[in-house]
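Structure first, commentary second.
The values are calculated or read from the model by the stated rules, or taken from the named source; none is laboratory data. None of these values were measured; they are calculated from a predicted model. Neighbour counts are summed over all protein chains in view; Cβ atoms, including those assigned to glycine, are modelled from backbone coordinates with ideal geometry. Protein only, heavy atoms only, side chains kept; ligands, DNA and RNA dropped before computing areas. Shrake-Rupley method; radii C 1.70, N 1.55, O 1.52, S 1.80 Å.
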Amino acid sequence: MPKMKTNSGAAKRFKRTASGGFKHGQSHLNHILTKKSTKRKRHLRHSNMVDASDVPGLRRLLPFS
């Protein structure tokens, strides 16, 4: 049986928490920042948890993390 491979794109975007969930950084903070308010950019800095309905799919993409 071949080895299972980690999806490298998902590995860069998601990190597993100690309780088994996943956290991810937020989008919309890379370019065209001049029209976005300071408050909006500040709130986008913090990471969020992945929704429970998406966790089973992420476990398939990241079997070893």
*Pick from the stretch 24-39 the residues that are touching a Leu at 6+ places or on another chain (Cβ under 9 Å) and either of a type in the set (Gly, Ala, Ser) or open to solvent by 100 Å² or more (accessible area, probe 1.4 Å) (or both): which of them is farthest from Ser65 (Cα to Cα)?*
His28
*asked:* Going by what's in this entry, would Leu44 be described as modelled with pLDDT of 95 or more, out of contact with any Ser or Thr (no Cβ under 9 Å at 6 or more places or on another chain) and surrounded by 11 or more Cβ atoms within 10 Å (Cβ to Cβ)?
replied: no
_Criterion: touching a residue at least 40 places away in the same chain (Cβ under 8 Å) and among the aliphatic types (A, V, I, L, M) - qualifying residue of Leu44, Leu62, Leu29_ = Leu62
*Would you check which residues across the stretch 18-48 are within 30 Å of Arg60 (Cβ to Cβ) and of a type in the set (Lys, Arg) and list them?*
Lys23, Arg45
